[in-house]
Structures are given as structure tokens and as C-alpha cells.
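**Q** Have a look at this one before I ask anything.
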Amino acid sequence: MNAIAIDGPAASGKSTVGFQVGRSLDFVFFDTGVMYRAVAWAILEQGISSADSVSVGRVAGELPISVSAPRRDESDGRQATIQVGELDITWSIRSSQVDSIVSVVAANSQVRQELSRKQRLIGLKHGSGAGGKSGVVMAGRDIGTVVLPEAPLKIYLEAPLEERSRRRYREITERGKAADLSTVLDDMRLRDQVDSERAVAPLRPAADAHRIQTQGITVQEVVGRILALAADVLGAGPASTGDKDFPLEGSQGIQ
Ligand code: DC
């Protein structure tokens, strides 16, 4: 199976690095956090409290989430297009309201059961090459431990809380939104705590994960290290597909 699992806390670099690794190897890149965010977005829309675990679990089972590679005309910085039915929620799932409830939603055992089952199917399909690409890079919190424990290459990215908060602050302000660094830091500390202390599939490195500290090294260096490991473990080398912008063409589905 050609699968690379990348786990780690918020803003540790998973999607920036994972996207580039996917592009270099001509693997699909799939950021699983978008599914938890889509459920959080949906319960806000429907006025359901994140504490109502039965209703939240039901939403996770029913929500028609789709994830696809962006079309070439969608050049607004997105790595994937996230839809619920026909509605494009790619940017709505990045709101501060979603941020503030998503870790509670992701701690719901029914939600995890629904989403990790779907994620595993996506991982198995693309990891076997059945999706038209040579493999898959999956990013999340529990990919190496729960979703794809058989992935031959597992990476765990880490960086101190302060550094990750600065990255998230930059990300928000670069999108033209106002933010306060100390609030971002407090929120991130809380999310780290909920993600790593939850009963089901808590954030932790798999025993056989390669841990990479991302503070003080460039994205290119992290990507380079993972590509070297991929060459070693998977025998996978840079794709000869030239200048493709995205891991999948046009509106091809990731799931
Ligand atoms: O990576 P992110 O910030 O978009 O993730 C959103 C939330 O979903 C976060 O609280 C962690 C959770 N998550 C998870 O529990 N398991 C995953 N595989 C991916 C994300």
C-alpha cells in the first residue's frame, strides 16, 4: 500500500507539508480534518448544540460531504473543494465559530466512528492506486493509530504551542481577518487539550511514527525529509508528471 500518514497537533504543518509531498509523488493529498469541520459547520447551521451528542452523531451520519480537487479556475489558495451537497463550504469551515466547537465535535464517538470509517475507505482506495493516482498522503490526528494503522510510512509533526499559535495567527491575518495572538494561543492550548485527552482516538504519535520537529526548519526541509523516507520505505520517487498543479485534475473526487 502506498500510504503516508501524517499526524500532529493543529498548525504543526500537516497540510502545508502533506500537500507538497502529495504533489511531488503524484499521490492524492487528503486532509481529514475538513470532515470534522464540515460536521461542526452543519450543526451551527442547524442550531444544534455541540453538547447534544446524539444529534451531532446523527448529523455526521447523514451529511453529504464531498471533497474534490479544486478546478483550475478556483485559484483562491484552496487545497481541496469541500461541499455539502451542491454548497461549497471550503472557506466557511475555517470560521472562528467552527474553530471554537470542532474539537468537541471531533471528541464525539459516533462522529468519529462515521468519519473514520469513510476516511479509511478513501485511504484504502487511493493507497491501492484504484483512484487513479499512485498513492495517498492522509493528514489528521489518528491516521497512523486508527484510520490507516497499516500505512507503511507514518510521520508525526510537532512544534511548540507558541510557534504553532504564531503560524495560525499569520494564517488568519493573511486572509484579511482580525486576530489577537494571545486569544489564538489560548484557543489552541484548549484544542490541544481536548484533542489529546479525549477518550476515543486521542492525538498521539503511533509507536512506529517518525517524529519531525518543524520549528526552525523550512517547509522544504520537512518535505525533503519525508520524501527521503518515502523513497526508502515505499520506493516512491518524485512523479514525472511535470507541472501538474494539484494531486487530482479538475473536479475529480478524492472520495
Ligand atoms: O486539522 P484541523 O484543525 O482542521 O482539525 C479540526 C479538528 O478535527 C481538530 O479538533 C482535530 C480533529 N481531527 C481529528 O480528531 N481527527 C482527524 N483525523 C482530523 C482532525
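The values are calculated or read from the model by the stated rules, or taken from the named source; none is laboratory data. Predicted model, so just to flag it, every value in this text is computed and none were measured. We place every Cβ from the backbone using ideal geometry, glycine too, and count neighbours over all the protein chains shown.
**Q** Yes or no: the range 168-181 includes at least one residue that is farther than 21 Å from residue 19 by Cβ and either within 14 Å of the ligand (Cβ to nearest atom) or within 16 Å of the chain's Cα centre (by Cα) (or both).
**A** Among the residues of the range 168-181, not one is farther than 21 Å from residue 19 by Cβ and either within 14 Å of the ligand (Cβ to nearest atom) or within 16 Å of the chain's Cα centre (by Cα) (or both), which makes the answer no.
**Q** Could you check the range 128-146 and list, in sequence order, the residues that are outside any loop (DSSP other than H, G, I, E, B) and either surrounded by fewer than 23 Cβ atoms within 10 Å (Cβ to Cβ) or small (Gly, Ala, Ser) (or both)? Steps first, answer last, please.
**A** The first filter runs over the range 128-146 and keeps only residues outside any loop (DSSP other than H, G, I, E, B), leaving 136-140, 143-146.
Of everything in the range 128-146, those that are outside any loop (DSSP other than H, G, I, E, B) and either surrounded by fewer than 23 Cβ atoms within 10 Å (Cβ to Cβ) or small (Gly, Ala, Ser) (or both) turn out to be 139, 140, 144, 145, 146.
**Q** Limited to the range 87-126, what total is found for residues that are within 12 Å of the ligand (Cβ to nearest atom), of a type in the set (A, V, I, L, M, F, W, C) and closer than 13 Å to residue 40 by Cα?
**A** Residues meeting the conditions: 10.
**Q** Got at least one residue in the range 141-148 being over 26 Å from residue 225 (Cβ atoms) and within 12 Å of the ligand (Cβ to nearest atom)?
**A** Quick first cut of the range 141-148, residues over 26 Å from residue 225 (Cβ atoms) only: none.
No - not one qualifying residue is present in the range 141-148.
**Q** Scan (1) over 29 Å from residue 155 (Cβ atoms); (2) buried (at least 18 other Cβ atoms within 10 Å of the Cβ); (3) more than 15 Å from the ligand (Cβ to nearest atom) for the single condition residue 56 breaks and write down its number.
**A** (3)
**Q** Does at least one position in the range 126-139 carry a residue that is charged (D, E, K, R), modelled with pLDDT of 95 or more and touching a Leu at 6+ places or on another chain (Cβ under 8 Å)? Steps first, answer last, please.
**A** Here is the first cut: in the range 126-139, the ones charged (D, E, K, R) are 133.
If we keep only those that are modelled with pLDDT of 95 or more too, we end up with none.
Scanning the range 126-139, I find no residue that is charged (D, E, K, R), modelled with pLDDT of 95 or more and touching a Leu at 6+ places or on another chain (Cβ under 8 Å), so the answer is no.
**Q** A further question on this structure: Restricting attention to the range 29-56, and to residues there that are part of a loop (DSSP other than H, G, I, E, B) and small (Gly, Ala, Ser), which single residue is nearest to residue 88 (Cα to Cα)?
**A** Step one: of the range 29-56, the residues part of a loop (DSSP other than H, G, I, E, B) are 32, 46-52.
Right, trim to small (Gly, Ala, Ser) and you get 47, 49-51.
Working: 47: 19, 49: 23, 50: 22, 51: 26 Å.
Filtering the range 29-56 for residues that are part of a loop (DSSP other than H, G, I, E, B) and small (Gly, Ala, Ser), the one nearest to residue 88 (Cα to Cα) comes out as 47.
**Q** If you check 32, 16, which single one turns out to be touching a residue at least 24 places away in the same chain (Cβ under 8 Å), polar (S, T, N, Q), within 9 Å of the ligand (Cβ to nearest atom) and on the phi < 0 side of the Ramachandran plot?
**A** None of the others qualify; the one that does is 32.
**Q** Separate question: Given the conditions (1) more than 12 Å from the ligand (Cβ to nearest atom); (2) more than 22 Å from residue 231 (Cβ to Cβ); (3) surrounded by fewer than 19 Cβ atoms within 10 Å (Cβ to Cβ), and given that residue 42 satisfies all but one, which numbered condition is not satisfied?
**A** Condition (3) is where residue 42 drops out.
Residues checked against (1) buried (at least 22 other Cβ atoms within 10 Å of the Cβ); (2) of a type in the set (Lys, Arg); (3) touching a Pro at 6+ places or on another chain (Cβ under 9 Å):
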residue: 23; (1), (2), (3): no, yes, yes
residue: 75; (1), (2), (3): no, no, no
residue: 86; (1), (2), (3): no, no, no
residue: 105; (1), (2), (3): yes, no, no
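**Q** Continuing with the same structure: Which one of 23, 71 is more than 16 Å from the ligand (Cβ to nearest atom), modelled with pLDDT under 95 and not in a helix (DSSP H, G or I)?
**A** Working: 23 fails: not in a helix (DSSP H, G or I).
After applying the criteria, what remains is 71.
**Q** Then there's this: Does any residue in the range 91-104 that is within 16 Å of residue 179 (Cβ to Cβ) come within less than 6 Å, Cβ to Cβ, of a residue that is part of a helix (DSSP H, G or I) six or more places away or on a different chain, and which pairs are these?
**A** Between residues of the range 91-104 that are within 16 Å of residue 179 (Cβ to Cβ) and residues that are part of a helix (DSSP H, G or I), the close pairs are 97/44; 98/37; 98/40; 98/41.
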